[in-house]
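The values are calculated or read from the model by the stated rules, or taken from the named source; none is laboratory data. From a predicted model like this one, the values you see are computed outputs, not experimental measurements. Cβ coordinates were reconstructed from backbone atoms using ideal geometry, including for glycine residues, and neighbour counts include every protein chain displayed.
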Amino acid sequence: MPKKKTTKSTKKGKSTTRQKKSTSAPKKWTVKAVRTDLKRRDILIPDELEENIIAEIQKMKYLTANEIAKKYNLRVSTAKEFLKLMYEKKMIKLYLSSRRLKIYTAS
């Protein structure tokens, strides 16, 4: 990348051209991938945790798989299966359904 030229006027009205000196290192055009630590999430729901989730479901306004997965450190697929099971048992109602997202409410 060419350096910028700046002009400086002197007392006599003449201008001189100088190159601006760069104090920073040259830019690198490639970005190195940084691996972050992956969170380990449970595949199966323990019985004690399942009882806690059922108790909490009755207090919540709405339920999504992402919300349960984050709150109880589960995988999203496990949370989806759990919500589907609870819906089949008529413990929760399906409020809104789209192609990717299902929102449930307590019944």
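Does Thr16 qualify as being loosely packed, with under 10 Cβ neighbours inside 10 Å, at pLDDT 65 or above and either part of a loop (DSSP other than H, G, I, E, B) or not basic (Lys, Arg) (or both)?
When the stated conditions are applied, Thr16 does not pass them.
Would you check which residues across segment 19-43 are of a type in the set (D, E, K, R) and modelled with pLDDT of 70 or more and list them?
Those that are of a type in the set (D, E, K, R) and modelled with pLDDT of 70 or more: Lys27, Lys28, Lys32, Arg35, Asp37, Lys39, Arg40, Arg41, Asp42.
When the residues of segment 34-93 are filtered to those that are touching a residue at least 40 places away in the same chain (Cβ under 8 Å) and not charged (D, E, K, R), which remaining residue is surrounded by the fewest Cβ atoms within 10 Å (Cβ to Cβ)? First the steps, then the outcome.
Taking segment 34-93 first, the residues touching a residue at least 40 places away in the same chain (Cβ under 8 Å) are 57-64.
Then keep just the ones that are not charged (D, E, K, R); that gives 57-58, 60, 62-64.
On the way: Ile57: 19, Gln58: 10, Met60: 16, Tyr62: 12, Leu63: 24, Thr64: 18.
Once the filter is applied, the top-ranked residue is Gln58.
Determine if segment 53-69 includes at least one residue that is of a type in the set (S, T, N, Q), modelled with pLDDT of 80 or more and assigned to a loop (DSSP other than H, G, I, E, B).
There is at least one residue in segment 53-69 that is of a type in the set (S, T, N, Q), modelled with pLDDT of 80 or more and assigned to a loop (DSSP other than H, G, I, E, B).
Report yes if Ser97 is modelled with pLDDT under 90 and among the small types (Gly, Ala, Ser), otherwise no.
no
How many of the residues in segment 70-90 are out of contact with any strand residue (DSSP E or B) (no Cβ under 8 Å at 6 or more places or on another chain) and not in a helix (DSSP H, G or I)?
2
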